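Enquirer: This is the structure, below, for whatever I ask next.
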């Protein structure tokens with residue numbers, strides 16, 4: 001399969017620290033590919049290298065078969081970039097934001113206007129076309145930034161934390177639009193630390209930690225590989241959950257003690273819950289749920305806060 | 001080159017929003033300075049300066065000074081905010097533009113602003129009957145050159161700072177003395193030697209002298225050529241440093 005983004009041993013070093021420490025990545029045409037990881041994992045540095053605004057320190061990077069060190073502008077002509085922080089022109093109108101940006105790609109004015117109208121329709125901002133950007137809500141601004149990233153009909157769209165800071169309604173609308181793009185065959189590359197976002201959108205993803213890739217695969221495959229099928233969450237009334245940990249020994253593949261609850265990683269949640277009852281441990285509450293990407297993520301990158 | 005023109009176009013679209021209010025001040029400001037200095041102060045200056053009536057003598061200096069003020073205005077806060085707050089340059093860097101396009105397009109817009117401000121001043125000056133030479137329109141070329149000689153290094157400065165308190169330093173210790181001691185209001189020869197050298201080193205005096213030659217119809221001579229070369233050096237050096245600063249921030 002054709003690899004639109006191809007990285008081998010990709011490294012980004014800044015003075016005194018290594019942000020990306022030798023990663024291998026292949027993104028294929030038409031897929032939605034995710035970079036997951038805690039803050040400081042190297043996701044944004046990787047995205048900036050792919051966006052051709054940050055030259056790699058070492059390693060191989062090919063985008064659409066071209067070398068970003070040499071062909072930056074040529075590659076950027078075929079990319080759409082939705083940065084982490086909106087950098088819209090707050091004093092221009094919504095439509096002008098799209099038309100002026102289109103000009104940077106050498107798109108004729110008439111075509112730019114027509115495309116702007118289509119894109120505003122796509123991100124459901126047609127009614128706000130002539131309003132200024134400043135009073136728009138966070139969700140609207142983000143949709144406009146996405147529309148702006150599409151103005152050159154890019155082959156790859158880079159989205160750096162596309163829904164961070166949005167309310168649930170706004171997030172779902174953005175997801176739905178991105179899903180539509182994927183259906184149209186646009187290759188999406190996104191970073192996120194929302195696990196539900198990754199599960200919703202990504203065909204394949206890598207988990208980064210400390211500048212390296214620590215896991216790779218589809219969301220389903222990662223859950224199968226790094227977690228169990230189900231998780232039982234037990235809360236005990238006692239002050240310390242610790243005391244119960246050893247009484248639960250042998251109940252699952254893995255057991256995790258948190259300040260307020262104990263997590264049991266098991267294949268069959270109901271069976272494990274029944275066993276807990278049988279041992280008459282009487283937890284205050286029992287919750288059986290499916291394992292999620294979040295469990296994988298926390299397992300791989302730890303629960304300690306990084307920033 | 002073409003891509004730089006797209007950037008210029010962006011700045012012009014952006015300017016379309018505010019041009020009315022800025023056009024008013026570009027016309028009112030020269031009018032007030034002409035009345036205040038030319039007519040007001042001028043009535044105390046009997047016998048004129050260097051053989052010209054004070055009003056005629058001061059207007060070319062005011063045009064060059066206006067060019068510099070406009071250039072400074074465009075090359076400081078907007079540049080800082082395009083990096084720090086509005087992130088306009090970063091959005092441009094994600095498009096297929098090179099650093100030179102982003103910088104060049106913005107400088108071209110600054111040249112445009114300088115040109116319109118100088119032209120407005122020239123029109124007001126004509127109304128006051130201070131134009132006595134067919135060479136007067138050349139003042140506009142001088143203004144653009146002087147404006148860029150100040151704008152390019154100012155852009156470099158603005159792109160290497162992260163807080164606007166540094167701009168206040170620039171205004172107080174560079175722009176203000178330059179405006180006062182560059183032969184705009186009185187000949188630099190009346191300054192003590194040290195300050196005279198400040199005028200010679202900074203760009204404005206060279207523009208003032210050239211502008212005065214054009215407006216009064218005097219032959220600039222070989223020193224005129226030196227002025228032009230010296231201003232070009234400021235432009236080129238300013239560009240080189242600004243390009244480095246832009247690169248350091250946009251391509252990391």
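Values in this text are rule-based calculations from the coordinates and carry no lab data. Nothing here was measured: the structure is a model prediction, and the numbers come from that model. Neighbour counts run over all protein chains shown; Cβ positions are idealised from the backbone, glycine included.
Enquirer: Considering every residue in B:96-109, what mean count of other chain Cβ atoms within 10 Å of its Cβ is obtained?
Expert: Working: counts 14, 6, 3, 0, 0, 2, 1, 0, 0, 1, 0, 0, 0, 0.
Going residue by residue through B:96-109 and averaging, the value is 2.
Enquirer: Taking every alpha carbon pair in region A:127-223, what does the distance histogram look like in 10 angstrom bins from 0, in percent?
Expert: 14, 44, 31, 9, 2
Enquirer: Ranked from highest to lowest mean number of other Cβ atoms within 10 Å per residue, what is the order of the peptides B:51-62, A:203-214? If you can, show how the numbers build up before the last one.
Expert: On the way: B:51-62: 22.1, A:203-214: 20.1.
Going by the mean number of other Cβ atoms within 10 Å, highest first, we get B:51-62, A:203-214.
Enquirer: Follow-up question, since we're still on this one. Quick check: from the Cα gyration tensor, does region A:1-103 come out rounded (a/c under 1.5), prolate or oblate?
Expert: Working: a/c = 1.88, a/b = 1.46, b/c = 1.29.
Cα axes put region A:1-103 in the prolate bin.
Enquirer: Need one number: convex hull volume per residue for region B:58-181, Cα atoms only, in Å³. Intermediate results must be reported in sequence, preceding the final value.
Expert: On the way: hull volume 13.2 nm³, N = 124.
Cα convex hull per residue, to the nearest whole number: 106 Å³.
Enquirer: What is the spin-label model distance, in nm, from residue B:77 to residue B:119 if the labels are put 7 Å beyond Cα along the C-beta direction?
Expert: Inter-label distance under the simple model: 2.5 nm.
Enquirer: Summing -39500 (n - 2.57) over the DSSP H runs of n ≥ 4 in chain B and dividing by its residue number, what mean residue ellipticity at 222 nm do you reach, to the nearest 500 deg cm²/dmol?
Expert: The helix-only estimate for chain B comes to -23500 deg cm²/dmol at 222 nm.
Enquirer: Okay, next question. Counting partner chain Cβ atoms within 10 Å of every residue's Cβ in A:147-154, what's the average?
Expert: Partner-chain Cβ atoms within 10 Å, mean over residues of A:147-154: 1.
Enquirer: Over all directions, the average projected area of the alpha-carbon convex hull for region A:63-129 comes to how many nm²?
Expert: Numbers: hull surface 22.4 nm².
Taking a quarter of the hull surface, the average projection is 5.6 nm².
Enquirer: What spacing in nm lies between the two simple spin-label points modelled at residue B:194 and residue A:129, each 7 Å away from Cα in the Cβ direction?
Expert: The two pseudo-label positions are separated by 6.5 nm.
Enquirer: Based on the Kirkwood radius over alpha-carbon pairs, what value in µm²/s does the Stokes-Einstein equation return for the translational diffusion coefficient of region A:1-56 at 10 °C and 1.306 mPa s?
Expert: Working: Rh = 12.0 Å.
Roughly 133 µm²/s, to the nearest whole number.
Enquirer: I would also like to ask the following. Using r as the Cβ-Cβ distance of residue A:183 and residue A:292, and R0 as 25 Å, what FRET efficiency do you calculate, to the nearest 0.05?
Expert: 0.55
Enquirer: If you don't mind, another one. Show me B:95-102, A:280-287, A:51-58, A:15-22 ranked by packing, highest mean number of other Cβ atoms within 10 Å first.
Expert: Details: B:95-102: 21.8, A:280-287: 13.1, A:51-58: 19.0, A:15-22: 14.9.
In decreasing order of mean packing, B:95-102, A:280-287, A:51-58, A:15-22 become B:95-102, A:51-58, A:15-22, A:280-287.
Enquirer: In whole angstrom, note down how far apart the Cα centers of region B:12-45 and region A:250-295 are.
Expert: Taking the Cα centre of region A:250-295 as reference, the centre of region B:12-45 is 77 Å away.
Enquirer: A follow-up question, please. Find how much the distance from residue A:253 to residue A:110 grows on full extension, using 0.36 nm per residue of separation minus their present alpha carbon separation; answer in nm with one decimal.
Expert: Details: separation 143, 0.36 × 143 = 51.48 nm, distance 6.22 nm.
Computed gain between residue A:253 and residue A:110 is 45.3 nm.
Enquirer: Mind giving me the FRET efficiency for residue B:134 and residue B:164? R0 is 45 Å, r the Cβ-Cβ distance, nearest 0.05 is fine.
Expert: 0.55
Enquirer: If you take every DSSP beta bridge whose two residues both sit in chain A, what share of them, in percent to the nearest 5, is antiparallel?
Expert: Here the share of antiparallel DSSP bridges comes out near 65 percent.
Enquirer: Same structure, new question: Averaged over A:188-195, how many beta carbons belonging to a partner chain fall within 10 Å of each residue's beta carbon?
Expert: On the way: counts 0, 0, 0, 0, 0, 0, 0, 0.
Mean shielding by partner chains, rounded to a whole number: 0.
Enquirer: Specify the inter-centroid distance of region B:134-208 and region A:96-138, based on alpha-carbon positions, in whole Å.
Expert: Measuring centre to centre over Cα atoms gives 40 Å.
Enquirer: If we sort B:118-127, B:165-174 on the protection proxy, mean other Cβ atoms within 10 Å, highest first, what's the order?
Expert: Highest-to-lowest ranking by the protection proxy: B:118-127, B:165-174.
Enquirer: Among DSSP bridges having both ends in the protein assembly as shown, what percentage is antiparallel? Round to the nearest 5.
Expert: 65 percent
Enquirer: I've got another one for you. Would you please report the Å³ per residue occupied by the convex hull of the alpha carbon atoms in region A:228-290?
Expert: 68 Å³
Enquirer: May I have the extent of the alpha carbons of chain B along their three principal axes, as whole Å values ordered from largest to smallest?
Expert: Principal extents (largest minus smallest coordinate, Cα): 60, 39, 33 Å.
Enquirer: Right, another one. Going by how many other Cβ atoms sit within 10 Å of their own, how do A:163, A:187 line up, fewest first?
Expert: With the sparsest Cβ surroundings first, the list reads A:187, A:163.
Enquirer: In what order do B:195, B:204 fall by count of nearby beta-carbon atoms within 10 Å, going from fewest to most? Intermediate results must be reported in sequence, preceding the final value.
Expert: Values: B:195 14, B:204 27.
Least crowded to most crowded, the residues run B:195, B:204.
Enquirer: Still on this structure, I have one more. Once the Cα gyration tensor of chain A is found, what semi-axes does its equivalent ellipsoid get, as square roots of 5 times the eigenvalues, in whole Å, sorted largest first? Walk me through the numbers on the way to the answer.
Expert: Values: eigenvalues 353, 108, 52 Å².
Value: 42, 23, 16 Å, ordered largest first.
Enquirer: Now for a separate question. For labels at residue B:180 and residue A:243 in the simple 7 Å Cα→Cβ model, what's the distance in nm?
Expert: For the pair residue B:180/residue A:243, the computed spacing is 8.0 nm.
Enquirer: Please identify which residues in region A:41-68 have an amide N closer than 14 Å to a label point set 7 Å out from the Cα of residue A:13, following the Cα→Cβ vector.
Expert: Residues A:56-59 qualify, since their backbone N sits under 14 Å from the label point.
Enquirer: Once a ≥ b ≥ c are taken as the square roots of the eigenvalues of the Cα gyration tensor of the protein assembly as shown, is the result rounded (a/c under 1.5), prolate (a/b larger than b/c) or oblate (a/b not larger than b/c)? Mind dumping the intermediate values first?
Expert: Working: a/c = 2.95, a/b = 2.68, b/c = 1.10.
Since a/c reaches 1.5 and a/b is larger than b/c, the shape of the protein assembly as shown is classed as prolate.
Enquirer: Which of rounded, prolate, oblate describes region A:155-305, given a ≥ b ≥ c as roots of the alpha-carbon gyration tensor eigenvalues and a/c under 1.5 marking rounded, otherwise prolate only if a/b is larger than b/c? Can you show the working numbers first?
Expert: On the way: a/c = 2.41, a/b = 2.28, b/c = 1.06.
Prolate, because a/c is 1.5 or more and a/b exceeds b/c.
Enquirer: 222 nm [θ] for chain A, helices only, -39500 (n - 2.57) per DSSP H run of 4+, per residue, to 500?
Expert: The helix contribution divided over chain A gives -10000 deg cm²/dmol.
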